[in-house]
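Worksheet for the structure shown next.
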Amino acid sequence: MTSTLLFILTCVISLFASAQEQLKVGEITPDFILKSGDGKEYSTKKLRGKIIVLIMGNRKIRKEDNEWGKIIQKDFERNNHVATFIVGDMRSVPSFVPKSFIKKYMQKKPAPVTFLFDWSGKVHQQYKTQPKLPNLYVISHTGRIIFRKSWKLSQNRYLEFKSIIDKELFDLIQKDKANNKE
């Protein structure tokens, strides 16, 4: 009896501890496939070779996600090496609201960057996001996390964030130039 109780307690503690661990810079990102409002599928595997920026959050912080999206879009929208997405955790949407209604709403009030629907919340669970702040990820062209923070937008934070993208972009362009010389 005591050993069974100890086993159950150990399992519960290990589950709780692993849920609190966050993905770390340098780790390979979990792959996912999500759809946008127009039904187009986006896959992290298919985007390898590009710098991927993920702004992750739920409906309660959509305003903050959009603020990040606008400022990132302003600086990188013409850059084919950078793909930026808002990944919406749709678990917070009441179950009586039809998906079609949400998609139509998103078409009427579109996000500043491509909005991907995480209906089951699986991607947010894989990336271990925090629910009260925008979760920012920059994924290198090789699929590794090079930046991960849960931040509200400020000028200093954006400059730090942008410098990470700029450095990765510079490295990627240098790599492309070296490959073209060969």
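Evaluate the following for Gln126: is it surrounded by fewer than 12 Cβ atoms within 10 Å (Cβ to Cβ) and in contact (Cβ under 8 Å) with a residue 24 or more places away in the chain? Write out each step before concluding.
Working: surrounded by fewer than 12 Cβ atoms within 10 Å (Cβ to Cβ): no; in contact (Cβ under 8 Å) with a residue 24 or more places away in the chain: yes.
For Gln126, the condition - surrounded by fewer than 12 Cβ atoms within 10 Å (Cβ to Cβ) and in contact (Cβ under 8 Å) with a residue 24 or more places away in the chain - is not met.
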Handout entry: region 18-30 residues that are charged (D, E, K, R), paired with ones that are modelled with pLDDT of 85 or more and not in a loop (DSSP other than H, G, I, E, B) (beta carbon under 8 Å, 6 or more apart)
Key = Lys24/Ile145; Lys24/Arg148; Glu27/Arg144; Glu27/Ile145
Problem - Residues (surrounded by fewer than 16 Cβ atoms within 10 Å (Cβ to Cβ), of a type in the set (S, T, N, Q) and under 17 Å from His124 (Cα atoms)) located in region 58-108 - result: Ser92
Practice task
Show the residue pairs that are 6+ apart or on different chains and have beta-carbon atoms under 6 Å apart, the first residue being within region 154-170 and over 12 Å from Val82 (Cβ atoms) and at pLDDT 95 or above, the second being part of a helix (DSSP H, G or I) and among the aliphatic types (A, V, I, L, M).
Solution key: Tyr158/Ile71
Completion exercise
Within region 48-82, residues under 21 Å from Lys128 (Cα atoms) and either part of a helix (DSSP H, G or I) or without any contact (Cβ under 8 Å) to a residue 40 or more places away in the chain (or both) come out as Arg59, Lys60, Ile61, Arg62, Lys63, Glu64, Asp65, Asn66, Trp68, Gly69
Exercise for the section: Assess whether Ile33 counts as being more than 22 Å from Phe161 (Cα to Cα), among the hydrophobic types (A, V, I, L, M, F, W, C), at pLDDT 95 or above and out of contact with any helix residue (DSSP H, G or I) (no Cβ under 7 Å at 6 or more places or on another chain). Expected result: yes
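In the list Ile164, Ile145, which residue meets the criterion of being in a helix (DSSP H, G or I) and of a type in the set (Val, Ile, Thr)?
Values: Ile145 fails: in a helix (DSSP H, G or I).
Checking each option against the conditions leaves just Ile164.
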Practice task
Determine if region 107-121 includes at least one residue that is more than 20 Å from Lys63 (Cβ to Cβ) and either touching a Cys at 6+ places or on another chain (Cβ under 7 Å) or basic (Lys, Arg) (or both).
Solution key: no
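The values are calculated or read from the model by the stated rules, or taken from the named source; none is laboratory data. If you're wondering where the values come from, they're calculated on a predicted model, not measured in any experiment. As a convention, Cβ positions derive from the backbone with ideal geometry for all residues, glycine included, and neighbour counts pool all protein chains shown.
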